[in-house]
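Contents: one structure, followed by commentary.
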Amino acid sequence: MGKMILIGENMNIMTKKYGKAMRERDAKTIQELAIKEKELGMDYIDLNIGPAGRIGEELMEWIVKTVQEVVDLPCALDTSNIAAIEAGLKVHKGRALINSISARPDRMEALLPIAKKYDADFVGLLWGPEGMPRDENERGALAAELMFRASELGIPNERMWIDPIVTPVNVQQNQVIACYEFMKMFQDIAPGCKSTCGLSNVSNGAPEHLRPILNQTYLIMLKNNGMMSAIVDCFDEDLKKIAWGERPDIEELVMKVCNDEDIDPSSLNEEELKYYKTARVLLGKTLYSDSWLEL
Amino acid sequence: MSYQPTKTKYSGSIKEVRIGEGDKAVTVGGKTCYSFYLFEGEMPNPPRVAGEVWDMDPGEEWSPADREPFKDVLGDSAAWAKKWIDEYGAELIAIQCKSSDPNGADRPADEVADVVKKVADAIDVPLIVWGTANHDKDVEVLRKVAELCDGKRVMLGPVEEGDYKQIGAAALGYKHVVGASSPIDVNLAKQLNILLENLGVQLENIIMDPTVGGLGYGMEYAYSVIERMNMAALVQEDDKLQLPVFCNLAHEVWKTKEAKISEEEAPNLGNQEKRGILMEAVTAVDYLLAGADIVVIRHPTTASLIKKFIEDMLSKS
């Protein structure tokens, strides 16, 4: 099983430490994290500077330069601020990843030409003019719309990383299933496209100590249906093991649950049982509750 | 080959839960199909109407239309409950402990519990006792009620995630029924049942309150939550949700502007009494179709309409 491309999510203005470092242009703190992310195996460093208003251009330019001064990794430019994205692309070495371009006409019109101009990759976020897609088919339609608009500008599918939008399992289980079902048809709908996801959103709102098992199990489900990448916490060692194919035993078990194969829960050890129960919740076979592992 | 309609395959059933003791005790639940789908399964216990009583005179909060049937007894909760039973044939009484509300009259828990006790002693049908969803006050009031109503197997609620330990323990100790209340969310409803079970409350002693809205005020959200509870229980074998459903809807309907406004102020909305009754009836019918087992009703005319509806839906002809 292949290795996924990992995008480190830790450089985020919403966090206390790095928010402060960004505001104070504290290069040392930013660079330490960048080096750490590389050491921990990240393939991209996400630079989430928030909407950033009128200082966005200067901040993005500064942070891209600061990070790339010490690591030779590409960055994901994570902001809704169009001018800031362009400012980052101007100084970025190598091929950057724009995070993100949603399937809304105004965003596509503004950002696709920029992606083309700088030959950048971009996350194609399946968020449409009417907001969140309701099921896998609406995701498919939004993906097609993004591909169509990109190809009109001569941007090949290879530049686009589709993000099918991961949602919390405790809000709408059917959306978790829809995102998974979309991945099953993704390769046929969008040949050549890459894919990525904000994985940890699946466990948003669940008890903190139970979030890892949800994230890991869902990663297995998505990965085995062609998900190529995920935005992750660079310190999450268990998750990385799965992303890098170092837990084939667990992957096999989860996929058996996904494929409706007969499994006798009493034959499973404690760890396996957790993945088994979690997969059943993520597949909607069991209704979610915070105590799902205890049932 | 003749036409065969598709039938749902049910793998679970709803547990039977009894409220009250003796001949007039009421058992709800037990169905093996979606509500009224008698062509697919059984509904051994009909859904029930609970007559609403307050522990205080509602005063100006109620419009003339909802005051009228009980205007002679609104200050006396026990007489009010008796009137429901003797004149309007109520088989269940739901007393709302409105006077305990810390943001309202804030009557001390002991006094509120005494009123409840008087009602419980005056009637021979089962009693549902409902607080104001203020955790601290509900704990005080419902603990006291649990003690005073020992042996009567009343239903106590709302029992929420924030106070289930205290009220759940009192219900457990005095063998009452728990009205497990969650905020319009099937996952949270399930979680609360699990927590109550962990506390020692058996599922046979729990009735679920999904928190409902009145017609035009988010009714469809609660409707779909009840549907999902029943789907999980009946076709997904989710044993934590195989419980009857309680809908405290009367207050939600009658507090709305559309129910309260007089005909003089809004002539295009028509007769106020008829309007309020129909809004209450439509809300109750909707929840019954979604899967409710107990509906709390304020107006006796609504109550008789709903009883007739249930009877018609359950008749074999």
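The values are calculated or read from the model by the stated rules, or taken from the named source; none is laboratory data. This structure is a prediction, so every number in the text was calculated from the model and none was measured. Note that we place each Cβ from the backbone using ideal geometry, even for glycine, and neighbour counts take in every protein chain shown. Only protein heavy atoms, including side chains, enter the accessible area calculation; ligands, DNA and RNA are left aside. Shrake-Rupley method; radii C 1.70, N 1.55, O 1.52, S 1.80 Å.
Side notes on the structure shown:
- Checking A:31, A:68 one by one, the residue that is in contact with a Lys or Arg (Cβ under 6 Å, 6 or more places away or on another chain) and not in a loop (DSSP other than H, G, I, E, B) is A:68 and no other.
- Filter result for the condition that a residue is away from chain A (no Cβ under 14 Å) and under 25 Å from residue A:289 (Cα atoms), over B:173, B:162, B:131, B:151: B:162
- In the condition set (1) within 14 Å of chain A (Cβ to nearest Cβ); (2) in contact with a strand residue (DSSP E or B) (Cβ under 9 Å, 6 or more places away or on another chain); (3) surrounded by fewer than 24 Cβ atoms within 10 Å (Cβ to Cβ); (4) touching a residue at least 40 places away in the same chain (Cβ under 8 Å), residue B:182 is compliant with all but (4).
- Where helices (runs of 4 or more DSSP H) fall entirely within the range B:133-215, those with at least 3 residues that are in contact with a Gly (Cβ under 7 Å, 6 or more places away or on another chain) are at B:135-148.
- Residue B:156 vs. criteria within 20 Å of residue B:245 (Cβ to Cβ), touching a Lys or Arg at 6+ places or on another chain (Cβ under 8 Å) and either in contact (Cβ under 8 Å) with a residue 60 or more places away in the chain or away from chain A (no Cβ under 14 Å) (or both): no
- Every pair of residues 6+ apart whose Cβ atoms lie under 6 Å, when the first sits in the range B:1-28 and is under 24 Å from residue B:235 (Cα atoms) while the second is surrounded by 13 or more Cβ atoms within 10 Å (Cβ to Cβ) and at pLDDT below 90: B:11/B:237; B:12/B:237
- Entry remark, the range B:189-230: residues being without any contact (Cβ under 8 Å) to a residue 40 or more places away in the chain, of a type in the set (A, V, I, L, M) and within 12 Å of another protein chain (Cβ to nearest Cβ) number 3 in total.
- Residue list for the range A:175-199, filter: farther than 16 Å from residue A:288 by Cα and open to solvent by less than 10 Å² (accessible area, probe 1.4 Å): A:179, A:180, A:182, A:183, A:186, A:190, A:193, A:195, A:196, A:197, A:199
- Single residue of the range A:141-174 satisfying the filter (open to solvent by less than 10 Å² (accessible area, probe 1.4 Å) and of a type outside the set (Val, Ile, Thr)) that is farthest from the other protein chains (Cβ to nearest Cβ): A:150
- Scanning the range B:232-250 for residues that are out of contact with any helix residue (DSSP H, G or I) (no Cβ under 9 Å at 6 or more places or on another chain) and open to solvent by 20 Å² or more (accessible area, probe 1.4 Å) yields B:235, B:236, B:237, B:248.
- Residue satisfying all of: in the range A:102-140; assigned to a helix (DSSP H, G or I) and open to solvent by less than 30 Å² (accessible area, probe 1.4 Å); nearest to residue A:167 (Cα to Cα) among these: A:139
- Within the range B:251-265, the set of residues being assigned to a helix (DSSP H, G or I) and open to solvent by 100 Å² or more (accessible area, probe 1.4 Å) comprises B:257 only.
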